[in-house]
Structure formats: C-alpha cells, structure tokens
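Novice: Handing you a structure now.
The values are calculated or read from the model by the stated rules, or taken from the named source; none is laboratory data. In this text, all values refer to a predicted model and were calculated from it rather than measured experimentally. Every residue, glycine among them, receives a Cβ derived from its backbone with ideal geometry; neighbour counts consider all protein chains shown. With ligands, DNA and RNA removed, areas are computed over all heavy atoms of the protein, side chains included. Shrake-Rupley method; radii C 1.70, N 1.55, O 1.52, S 1.80 Å.
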Amino acid sequence: MKVFLVLLLSAFAIQATGQSIAYSEPEREDSRRTEFEIIGKVQNSYLIFKNNRSDNAICVYDNNMKLQERVDMDFMPDRWINTDFIGYPDFAYLIYEYQKKNVVHCSMVKLDGKGKKLADPVDLDTTQIGWASNNKIYNVIVSEDKEKIMVFKINSKNPKNFLFTTMLFNSDLKLIIDKQRLSLPMEERSDYFSDFELDNDGNLVFGKLFKNNGSDYISRVTLIAKPADADTFVTRELGTKDKVLDEIKIKIDNTNKRCLFTGFYYKQKRGNIEGLYTVGWDKATNALYNEAFIVFNEELRNQAKSSEASVKMAFNDYFIKNVMTRKDGSFVIIGESEYTTSRAGAFNRWDYLSWNNPWAYNSFDSYYYSPAYNRWYSPWNRWGGTQPVRYHSENILVMYFDKDAKLIWANVIPKSQYDDESDNLISHQVMITGGQLHFMFNQYERKALMLNDQSIGPDGKVIRHPTLKNLDKGYEFMPRYAKQVSTKEMIVPCMYRNYLCFAKVEY
C-alpha cells in the first residue's frame, strides 16, 4: 500500500466518529480459487480485477459496493504470466506479461473508471527466449507519487554477472529514458537481493545481501542505486560490524532525498534477536547517516513477547511489515509476530524467509532471474507441504524514531490469532486516517471472528475503538489483503459461504 504519509503522526485531527461498512453481493463465478487484485478508486468507482482460470474480468462497484458491470478482459491471452495495476484518480494502467511462441511480451492498456480500455494494448517491450516458460521476466515498480514507472528485467545467464535492462516511463507511460543496460557482479549462491524501490526522481535503489554459501544470515549489505539518467550503478557498503542481520527492508524518504535500510539483528548465528539495525543513505552526498544498532530493553521485551515465548526470545518471531517516513525525517516501523506449528514441528523463521523473499536468487532459473509473483495478488495456497499446518499471528509492534534514529516511543497492540491450513484470516492491515494509524484485524469474540479496529496516535498511546458497525456474521474478513483506496476508505476482501466478496470500510 503506497499512500502519501504526510498525514502520519501529524497534529491531532478530529477522530473518526464512526465507521460504515458496505458489502458486495456474492457472485457465482467467484470462489476460493479466484485470484484478485484491488485496483483502487477510479472516477468514483471501485475497480477489482478477478481471474478464474481463463476468465479475466474487472468488476466495477459503486459507492455502496453494488456491482455495476463485469468487464471481460477479452484482449488478454488465456495464459498470461503476470499482471500489474497502477491506479490513478481518473484512469488505471494494466501492465501484463505473456508469451507467444518464443517471445515474451510486456504489454500495457489504459482503462477508464468503468474498467474499459481507452485504446488497444501496446507492447512496452519484448524478449525472445528459446523455450516455453511461465516464469516472470519483467518487473514493474512505481514511485510514491506515481509520476515515474520503471520496467526492468535481469538476465542471469552468467551467474557471476547479472545484466539489468531498465526502461523509465512517466505517468502517461511515455518513455523518458530508453533502454539502459547495466551489469552487476554477483557471487553465486551467496548474493541475494532486497526489495527494489523507485524514488520520485526515477532513481532505482535496492540492496545486495551477502549470505555466505547460502546461509540464513546476512553478513554484508551493499546499497546499490541507479540514477535515473545513468547507465552505471552507484554502490555503497553498509557497515554491519560483527553483527548478523535478518531480512532487510528499504524505505525511500522522498521529502528529504534519502533512503532508509532497516532490519533486526543478532549478536551471533542462531541467537536471539537483540534489536533493530538502521542506517540511512543521503542521495545527494552519497553518504551514510544515522547508522545505529538499537537494543530492545527488558520493558519492551515483556510487552512484545507472546504467552509462549521467554523474554530473551520475545522478538524471534517478529517480521518488519511497514516502514513509514515523515517530512522531518522521523520514521515509524511496524512489526508483527508470525509463526506456524504442525505435527512435524514449528515452521521456523528461516523457512518463512525463504518462502517470502521475492527477490532471492533462483539458482534453477538458467537464463532470466524471476522474482516471485506478487503474493498480495493470489492469497490461496501460499504454503506447500503435506503436514497439517496451523498459522499463528500475534502481537503488533509499533516504534517511532526521530530523524536521528533515536527511539522516541514504542508500543504493542496485543492480539492472538490462529487458523488451520491457511493464513488468509489472520494478520492485519494499516489504514492512515485522522492523524492516526488504524490497525484492522480479526479477533475471536464469543467464538466468532470479528473485525477489530485499534489505533495509535502521535503520542504512542493505543486506542481501542468500538466494534465496527454493520458487521454481518456471515462474512469472514481477510484484512491482510485489504487496500486503502482513499483518505477514509479501505476495501477488504472477505468470504461469504465460500464465495469471494469485498467490503468497503469507510471512516
């Protein structure tokens, strides 16, 4: 979810006095097997893409979530590889990838507020390959203000030297900078990528993470940036000292022209999480600032630990979910405790990271490096295996740091969630409205899952809001796949008697 975060932790605004929920009607075509993507609010309509095998459609809903039209995407091939949607107030782009014979196409079509194409699809790029493949080749990233769009691919034929091809477009999808080709030295089975980010100036930023011989721990981090108009990479080693790091998250601070790298750290391999590592990079000076290892104290550990964990192991199941920046350079980090259990034993942190790292090097791909599909798009059957699995999602950790990376306050929203065979109904989503961070998640109340809303204001205090109005007992919410579509509205997918539906929550 990319929303302008200037609202975050601003001066107190009038708090929402209530919420309303509007539900879509179940449709015969939509079941648990339906793949979907919430596109957003376009010309006062709410657009949702749905795929049922070879049936591709955009459903158009009104303000009351009444279906206005189901638009068949008949111009798309039956067997496409990947889709990306970019929503704007008056239109949306669909960028999709498919293979025809031995050529992979990356095509674009512009859609109006009724989900209908405004012109025929056009190719943004093509790649000739020598085999039939369903592997994703193209990657699409968008700047925070949506004024810059980058399409890129990575040729990994030479595992010791990856070849990047980038194309930069503006919000009209007009080519600003034509194809640029850049090479990046890699250490086979040791180098991995973090997520890729694009700033408002069109600069590409990501991290190269060194894991010795494919181990679970990050022992070295290299910041890599590609200036918009340059055909070379700018690199900068980030100091990790004698610590070992966990998954690294990147957040671009467009206001201050900076980039923030964060991750949990350990003193030793297979040890316990000790605290948070954070370092910033200033784009203009190519210099690092505010490198810090923040130790989690005993008080915060007692707050954060689950009922089953010891104080020392309090953060071992936590993962960073969001990093948010403010105009003054301060930032908020949100983490959540997640783990699984089964008869075969607990699904540990390292298994989770290997399943959920979309940029990890895939040694089985012999020609094009293929990041994982967008996991927010297809929630069903995300986890493999034959053993029955129980998914757990527990406390939410919120930490606020000033511009010098000093911890100002930290608080924990307590929750305890679990589900069997699927994690669709657990976890949370954040909504930014009224000068507060609202956390929406399901909790058991009288043996039924009910959608809850708790918020944190600028002072770090947790506010428990009354149960949302108009909660229909027949609907099961999936807040982890929800999307904020305006300053006061969020679309939440849900299930009703095994049919996929959507609810609009309005503050």
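Novice: Calculate, in nm to one decimal, what D120 and E237 gain on full extension: separation in residues at 0.36 nm each, minus their alpha carbon distance.
Specialist: My answer for the length gained is 37.6 nm.
Novice: Turning to a different aspect of this structure: Applying 1/(1 + (r/R0)^6) with R0 = 35 Å to the Cβ-Cβ distance of S219 and D282, what FRET efficiency is obtained, to the nearest 0.05?
Specialist: Plugging the Cβ-Cβ distance into 1/(1 + (r/R0)^6) gives 0.90.
Novice: Using the eigenvalues of the Cα gyration tensor, what equivalent ellipsoid semi-axes result for the stretch 197-246 when each is taken as the square root of five times the eigenvalue, whole Å, largest first?
Specialist: Working: eigenvalues 131, 19, 18 Å².
Here the semi-axes work out to 26, 10, 10 Å.
Novice: Working only with C-alpha atoms, what are the Rg and Dmax values of the stretch 280-321, expressed in angstrom?
Specialist: 15.5, 47
Novice: Once label points are set 7 Å from the Cα along Cα→Cβ at both K100 and K312, what is their separation, rounded to one decimal in nm?
Specialist: With each label point 7 Å from Cα toward Cβ, the separation is 6.2 nm.
Novice: If you average 1/r across every pair of different Cα atoms in the stretch 400-466 and take the reciprocal, what Kirkwood value do you get, in Å?
Specialist: 13.6
Novice: Also: Please give the per residue accessible area of the chain, computed with a probe of 1.4 Å over protein heavy atoms only, in Å².
Specialist: I get 44 Å² per residue for this part.
Novice: I want to check the label-to-label distance for D74 and E29. Put each point 7 Å from Cα in the C-beta direction and report it in nm to one decimal.
Specialist: 1.2
Novice: How big is the stretch 68-219 by Rg and Dmax over its Cα atoms, in Å?
Specialist: Considering the stretch 68-219 through its Cα atoms, Rg and Dmax are 17.3, 54 Å.
Novice: Okay, next question. Work from the charge dipole of the chain (Cβ charges, +1 for Lys and Arg, -1 for Asp and Glu, about the Cα centre) and give the residue of L163, V505, L245 farthest towards its positive end.
Specialist: So the residue we want is L245.
Novice: Enumerate the whole-percent occupancy of each 20 Å bin, from 0 to the last occupied one, for all C-alpha pair distances of the chain.
Specialist: Spelled out per bin, shortest first, that is 22, 59, 19, 0.
Novice: Moving to a separate point now. Roughly speaking, what is the stretch gain from R497 to M450, that is 0.36 nm per residue apart minus the C-alpha to C-alpha distance, in nm to one decimal?
Specialist: On the way: separation 47, 0.36 × 47 = 16.92 nm, distance 1.61 nm.
Extra length available between R497 and M450 comes to 15.3 nm.
Novice: Assuming R0 = 56 Å, can you tell me the calculated FRET efficiency for the pair N161 and K406, based on Cβ-Cβ distance, to the nearest 0.05?
Specialist: 0.85
Novice: Quick one: length gained pulling D328 to R181 fully straight, 0.36 nm per residue minus the C-alpha distance?
Specialist: Gain on extension, D328 to R181, equals 49.3 nm.
Novice: With a 1.4 Å probe and every protein chain kept in, tell me what percent of the accessible surface of the chain is carbon plus sulfur.
Specialist: Details: 10320 of 22450 Å².
The nonpolar share, carbon plus sulfur, comes to 46 percent.
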